[in-house]
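Shown next, in structure tokens, is the structure this report addresses.
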Amino acid sequence: MLDYDFLAIFICSNAFLYLLVHIPLDIITYNSKEEKFKKGAKEYPPWDKSNFIKIVTVFSSLFFWLFFLVWPLLHFLGWDNFMLFFNFEIPFVGIPFQIIGLILVSFGTIIAIIGRISRGTKAISWGVPKNLTVNRGFRFVRHPLYASYCYYFIGLPLAMFNYLLFPLMLGIIGYYFTAIYEERILVEEFGEEYIEYQEEVGMLIPLIGKKKK
């Protein structure tokens, strides 16, 4: 199995890069006086899926960030014995699976960063955006942020081989249904422009999930 010191450095590096891009841009977006919302957009009800799915999605996201930010520090302080107690090994194929997990984590970080830079201050996730963002990171997938969480939720359990991390995968369900709900709104607000975008770009995986013409 891969060395835990290496895994801690790798995870810490990805968390640092993610926050290095997102925090400044989020602050700029919040303080920007630029018009961010589409004028005349309808008032849409909250996402109406079951409370169970919402709870699982929120819990998965919070637990992911807790591990992503805290575990490397705990590891180097030697305070992570409880967490590592739940690790396991798979002979012969363990390291290849871990490498796949690290690739997924890296891809999640890359697509989250490119997507956040592409979004700039023009569109925010808590309202109908003034304009569609379909460049750069949004040319890979239609929902870079949700996609990054999905890659993280698969990549981290594979990289760590830890029983406590595998429930993260349940969070993918919530982000998938959230993406579907938001796309219904975007189709209603932007019509053919968004439908054409759906036909060209995959939803959460590059080239997969395109809307059929």
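Quick notes on this one:
- Of all the residues in segment 86-130, those that are touching a residue at least 40 places away in the same chain (Cβ under 8 Å) and not in a helix (DSSP H, G or I) number 14.
- You will find that of F68, F59, the residue that is under 23 Å from L102 (Cβ atoms), in a helix (DSSP H, G or I) and either out of contact with any Ser or Thr (no Cβ under 7 Å at 6 or more places or on another chain) or modelled with pLDDT of 85 or more (or both) is F68 and no other.
- Scanning segment 74-85 for residues that are surrounded by 12 or more Cβ atoms within 10 Å (Cβ to Cβ) and either closer than 27 Å to T178 by Cα or free of Cβ contacts under 8 Å to residues at least 40 places away in the same chain (or both) returns L74, W79, D80.
- Looking across segment 149-187 at every residue that is small (G, A, S) and without any contact (Cβ under 8 Å) to a residue 60 or more places away in the chain, the one that is surrounded by the fewest Cβ atoms within 10 Å (Cβ to Cβ) is identified as A179.
- Which numbered condition E192 fails, given (1) modelled with pLDDT of 95 or more; (2) out of contact with any helix residue (DSSP H, G or I) (no Cβ under 6 Å at 6 or more places or on another chain): (1)
- Scope segment 1-41; condition of a type in the set (F, W, Y), over 30 Å from L84 (Cβ atoms) and either part of a helix (DSSP H, G or I) or in contact with a strand residue (DSSP E or B) (Cβ under 6 Å, 6 or more places away or on another chain) (or both); matching residues: Y30
- Breaking point among (1) over 23 Å from N14 (Cα atoms); (2) touching a helix residue (DSSP H, G or I) at 6+ places or on another chain (Cβ under 6 Å), for G202: (2)
- Comparison of A147, A179, A159 shows that the only residue that is part of a helix (DSSP H, G or I) and touching a strand residue (DSSP E or B) at 6+ places or on another chain (Cβ under 6 Å) is A147.
- Screening V134, V128, V105 for residues that are surrounded by 15 or more Cβ atoms within 10 Å (Cβ to Cβ), at pLDDT 85 or above and within 30 Å of K42 (Cβ to Cβ) leaves exactly one candidate, V134.
- Some residue of segment 188-202 being closer than 15 Å to K42 by Cα, in contact (Cβ under 8 Å) with a residue 40 or more places away in the chain and charged (D, E, K, R): yes
- Unique match (being closer than 30 Å to N31 by Cα and of a type outside the set (D, E, K, R)) among I205, I154, I111, I172: I111
The values are calculated or read from the model by the stated rules, or taken from the named source; none is laboratory data. Predicted model, so just to flag it, every value in this text is computed and none were measured. Reconstructed Cβ throughout: ideal geometry from the backbone, glycine too, with neighbour counts over all protein chains shown.
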